[in-house]
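A.B. asks: Sharing a structure below in structure tokens format, with a few things to ask.
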């Protein structure tokens, strides 16, 4: 039975995930740590997801349900934050699942280290295989200056909200609504309140790879939101920790983001007109940043950056040709969940 003041609030936005929701909620119900509440936000799901949420709430008082008109994942999370009672907040996506000691491990990390945020490794789940990913080989505590650098690099500290636990007072501003990649924006703003982050190599979060997810939705609007979010993060981090990120790291991160985004579009958008239109959107952003340095980027990425800038059609052809031999990427795209 839920306590009046549960230590952990788990927030799960729910939309059209009837096929995967039971596995997600069963994994939460099976946690080795029991003093939690789980706020399920049914964001106007057209399928049976809302009914499943109600069934879990009826059988376990630690689950609470908010039914609302569809407003997007940011609005759903904001609605849950208003209701959350826990000292700590953890986010789980409704098509993913967590391993039994997920909450216990994150909580122990926070209380032992005194950090503001804890992060564990994750496992990418495909239809026929899994791929483990973690940022560290042993438990590591990072201060805010180090965090600023890693957020700019967008590597060790991905801006996903899941696979983490936050002290409640870190979450000082709501999620921006009406845009994608709201987690990048939120994590950037919250970093103002973060003094330390603790990382564990334990792989405890299962991230289901789906065709319909935001990261696999290659549209002009999605690419624009992604690039705008990255731009905002870089500007905010430079304000927050001036001098922490040198010019080399900044330039490498900017151009890596632009080239990687364009590469995915070139390889995975099938319609030639749409593909070129999206590449030209990225090209506009590339034209507005400082000219790339071959010494900083390395020869391979520098060449791709130059093609993106001045020969976008050749960039597309080169990226599509290289994709033919990229067996691991093709395998991943072939085995996404529906």
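Values quoted throughout were computed directly from the atomic coordinates according to the rules given, and no laboratory measurement underlies them. It should be emphasised that the depicted structure is a prediction, and the values quoted were computed from it without experimental measurement. Because the Cβ atoms are built from the backbone with ideal geometry, glycine has one as well, and the counts that use them run over all protein chains shown.
A.B. asks: Name the shape class, rounded, prolate or oblate, that the alpha-carbon gyration tensor gives for the chain, where a ≥ b ≥ c are the square roots of its eigenvalues, rounded holds for a/c under 1.5, and otherwise prolate holds if a/b is larger than b/c and oblate otherwise.
C.D. replies: Note, shape of the chain comes out prolate.
A.B. asks: Moving to a separate point now. Give me the number: length gained by fully extending residue 337 to residue 104, i.e. 0.36 nm times residue separation minus the C-alpha to C-alpha distance, one decimal in nm.
C.D. replies: That works out to 81.0 nm of additional length.
A.B. asks: So, R0 is 35 Å and r is the distance between the beta-carbons of residue 295 and residue 35; what FRET efficiency does that work out to, to 0.05?
C.D. replies: The calculated FRET efficiency here is 0.05.
A.B. asks: I've got another one for you. Tilt of helix 18-29 relative to the longest C-alpha principal axis of the chain, in degrees (0 to 90, nearest 10)?
C.D. replies: For 18-29 against the chain, the angle is about 60 degrees.
A.B. asks: Next question, about the same structure. Using a ≥ b ≥ c from the Cα gyration tensor of the range 117-228 (square roots of the eigenvalues), is it rounded, prolate or oblate, where a/c under 1.5 gives rounded and otherwise the larger of a/b and b/c decides, a/b for prolate?
C.D. replies: oblate
A.B. asks: Could you work out [θ]222 nm for the chain from helices alone, using -39500 (n - 2.57) per DSSP H run of at least four and dividing by all its residues? Round to the nearest 500 deg cm²/dmol.
C.D. replies: -15000 deg cm²/dmol
A.B. asks: For the range 246-334, taking Cα atoms only, what is the radius of gyration to one decimal and the Dmax to the nearest whole Å?
C.D. replies: 13.1, 39
A.B. asks: Please rank 40, 307, fewest neighbouring Cβ atoms within 10 Å first, as an exposure proxy.
C.D. replies: With the fewest neighbours first, 40, 307 line up as 307, 40.
A.B. asks: Given a 10 angstrom Cα cut-off, can you work out which residue in 205, 291, 33 is the most mobile in a GNM of the chain?
C.D. replies: Maximum fluctuation in the GNM of the chain, among the listed residues, is at 291.
A.B. asks: In degrees from 0 to 90, rounded to the nearest 10, what is the angle of the helix 247-268 Cα long axis to the longest principal axis of the chain?
C.D. replies: Here the helix axis deviates by roughly 90 degrees.
A.B. asks: Now for a separate question. Full-extension gain between residue 111 and residue 67, please, as 0.36 nm times their residue separation minus the C-alpha to C-alpha distance.
C.D. replies: 12.5 nm
A.B. asks: If you don't mind, there's one more thing I want to ask. Who wins for biggest fluctuation among 102, 20, 310 in a Gaussian network model of the chain, springs between alpha carbons below 10 Å?
C.D. replies: 310
A.B. asks: Moving to a separate point now. With the Cα gyration tensor of the range 1-107 giving a ≥ b ≥ c as the square roots of its eigenvalues, does the rule (a/c under 1.5 for rounded; else a/b larger than b/c for prolate; else oblate) give rounded, prolate or oblate?
C.D. replies: Cα axes put the range 1-107 in the prolate bin.
A.B. asks: Fewest first, what order do 149, 17, 82, 141 take by the number of other Cβ atoms within 10 Å?
C.D. replies: Result, fewest neighbours first: 82, 141, 149, 17.
A.B. asks: Give me 171, 10 ranked fewest to most by other Cβ atoms within 10 Å of their Cβ, as a rough exposure proxy.
C.D. replies: 171, 10
A.B. asks: Separate question: Whole percent per 5 Å bin, from 0 to the bin with the longest distance: what is P(r) over all C-alpha pairs of the range 8-208?
C.D. replies: 1, 8, 16, 21, 21, 17, 10, 4, 1, 0
A.B. asks: Please compute the modelled spin-label separation between residue 140 and residue 239, points set 7 Å along Cα→Cβ, answer in nm with one decimal.
C.D. replies: 2.8 nm
A.B. asks: Work out, step by step, the length gained on full extension between residue 133 and residue 249: first 0.36 nm times the residue separation, then minus their alpha carbon distance; give nm to one decimal.
C.D. replies: Value of the extension gain: 39.5 nm.
A.B. asks: Return one number: the angle in degrees, 0 to 90 and rounded to the nearest 10, between the long axis of the Cα atoms of helix 102-113 and the longest principal axis of the Cα atoms of the chain.
C.D. replies: Computed tilt is about 80 degrees.
A.B. asks: Running a GNM on the chain with Cα contacts under 10 Å, which residue among 243, 114, 50 ends up with the highest mean-square fluctuation?
C.D. replies: 243
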